[in-house]
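Asks: Take a look at this one; I'll ask things after.
The values are calculated or read from the model by the stated rules, or taken from the named source; none is laboratory data. Since the model is a prediction, treat every value here as computed from it, not as a measurement. Glycine gets a Cβ as well: all are built from the backbone with ideal geometry, and neighbour counts include every protein chain shown. Please note that ligands, DNA and RNA were not included when accessible areas were found on the heavy atoms of the full protein model with its side chains. Shrake-Rupley method; radii C 1.70, N 1.55, O 1.52, S 1.80 Å.
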Amino acid sequence: MSAAIDAEALLEQAKAVLRANDVEGIFIKPGTYQYPHQWNWDAALVALGLSHFDRPRAEQEIRSLLKAQWKDGMLPHVVYHNGASDYFPTPDFWQIERSPNAPNGLLTSGIVQPPILATCVRLMHERAKDRKASLAFVREVYPALHRWHRWLRAARDPENTGLVAIVHPWESGTDNAARFVEPMIRVIPSRVPPYQRKDFLHVREDERPIQAEYQRFVYLIDLFRQWNYDQETIYARSPFLVQDTLFNALMYRAQYDLRMLARELGEPTEELDEWLATTRYAYNARLWSEAHGLYFAYDLRGQRLLQENGCATFIALFAGLASEHQARRLVEEHLLNPEEYAPNGTRYFVPSQAKNNLFFEPRRYWRGPVWILINWMVSEGLRRYGYHELAETIRQHSLELVQRSGFMEYYDPRDGTGCGASGFSWTAALTIEMLAETMMPA
Ligand code: DGY
């Protein structure tokens, strides 16, 4: 089925998307219309893509994000550099001024997103041609990255289990994934403040989270602002408290990458070593199900594994958390299974939800569509474990999707129809990343 990829044309188009989404050289918005501010993990991935052709602009993207770091080290999920827009929540909805830790002079959200930034900084650094300048940049941002990870461990793992908790599905970056259905049922949205959804302005309603979820998203924000974003209260009282597969895998990978940077800088690594050891142990002890051959998120409120089969299970490969045995089970029993993820009736790897999962919907946000970020991470993870051919197939599928349907937020795995937001920056950034393997000298 493989379509020929016009790599040069795709590369130029991808760069053009990033340039077009650049807001005055301060930040790159994740989508042309839908997401007009700076998002945490989007910014990291955008910097990674930019670094191939404009390293100074990539550094600027990271500096802009880090400027919004809270005084206690938290790195917020959205930064409103340019004030309000037609996006909801508006900056004032968060009421971050209630927290003594809110940054001075910048409006942000009050929750976080998956910590992929340190990984992107390390990848950028590894490939940098000007080693000295790159090391100077690493030296500049390292303290902020370290504080961010220290915050995660302190605020979100106060019991020192090795796994951090998320308190809102938006923190997972995969808002309406099936693994959150059960814990969200426990969230009873009494007294939801008045608000108006704006996410249908630019994207079809049937490609976005359903209203029952959205009510709960807003309700949780309202609780956190009433609690003045006090992390102790949030951890103790949030009705949603989940040790997530994707979030913890990315945190582990980022800790590892941070450690590599620390060594190069001559910084101490003992604390990072301890984090790595505890996370690695807890991830496998708590989240792996030998009965299913899958990793599952753990619901701290319900005290049980959330046994929904979704793409988050494969991020352990990207992180290097899986043993050879676990990797084999993930790949051979699940990723290659045509009833779950492999093409058969569908055309493209990797649906974000297993196709035989009860909640699978091929066009609804994180309930089934293919996301280029997930494909990139799965493909990189497969390489790590020696599945080179499959990794290459997934890379090809990703480039084909982009060439066929443009730089969309996600794609229907059945026929490749582009869905969600258009002019999507991380799709462009990761297209550059994936093309770099074949086009640009290392
Ligand atoms: C949204 O607005 O849908 C985002 O996922 C929140 O970060």
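Asks: Go ahead and estimate [θ] at 222 nm for the chain from helices alone: -39,500 (n - 2.57) per DSSP H run with n ≥ 4, summed, over the residue count, rounded to 500.
Replies: Theoretical 222 nm ellipticity from helices: -14500 deg cm²/dmol.
Asks: Would you mind getting the accessible area per residue of the chain, heavy atoms of the protein chains only, 1.4 Å probe, in Å²?
Replies: Numbers: 15940 Å² over 442 residues.
Spelled out: the 1.4 Å probe surface of the chain, per residue, equals 36 Å².
Asks: Right, another one. I'd like the Karplus ³J(HN,Hα) series for region 261-275: coefficients 6.51, -1.76, 1.60, θ = phi - 60°, whole numbers in Hz, and an x wherever there's a Gly or Pro.
Replies: 5, 4, 5, 5, 7, x, 8, x, 10, 4, 5, 5, 4, 5, 4
Asks: Treat every Asp and Glu Cβ in the chain as -1 and every Lys and Arg Cβ as +1, leave all other atoms uncharged, and give the resulting dipole magnitude about the Cα centre to the nearest 20 debye.
Replies: Value, rounded to 20: 500 debye.
Asks: At a threshold of 8 angstrom on Cα-Cα distance, excluding pairs fewer than six apart, so keeping six or more, what relative contact order does region 7-436 reach in percent?
Replies: Taking the mean separation of contacting Cα pairs over the length of region 7-436, I get 19 percent.
Asks: Residue 308: net charge of surrounding residues, Cβ under 9 Å, Lys/Arg +1, Asp/Glu -1, itself excluded?
Replies: 0
Asks: Please work out, to two decimal places, the log10 of the ratio I(q)/I(0) at q = 0.18, 0.21 Å⁻¹ from a Debye calculation in which every Cα of region 188-262 carries one identical scatterer.
Replies: One equal scatterer on each Cα of region 188-262 leads to -0.92, -1.00.
Asks: In addition: Could you list which residues have their amide H under 5 Å from that of residue 349, counting only those 5 or more apart in sequence or on another chain, with H placed in the peptide plane?
Replies: Here the answer is none, since no amide H 5 or more places off falls under 5 Å of that of residue 349.
Asks: Once neighbouring chains are kept in place and the probe is 1.4 Å, which whole percent of the accessible area of the chain is contributed by carbon and sulfur?
Replies: Using a 1.4 Å probe with all protein chains present, the chain comes out at 50 percent carbon and sulfur.
Asks: For region 299-442, how big is Rg over Rh, using alpha carbon atoms and the Kirkwood form of Rh?
Replies: Working: Rg = 14.9 Å, Rh = 15.4 Å.
The Rg/Rh ratio comes out at 0.97.
Asks: Projected onto the charge dipole of the chain (+1 at Lys/Arg Cβ, -1 at Asp/Glu Cβ, origin at the Cα centre), which of 10, 231, 152 gives the Cα projection farthest towards the positive end?
Replies: Highest projection toward the positive end goes to 231.
Asks: Ratio of Rg to Rh for the chain, alpha carbon only, Kirkwood?
Replies: 0.93
Asks: When all alpha-carbon pairs of region 48-136 are counted, what percent fall beyond 15 Å?
Replies: The answer is 63 percent, as a whole percent.
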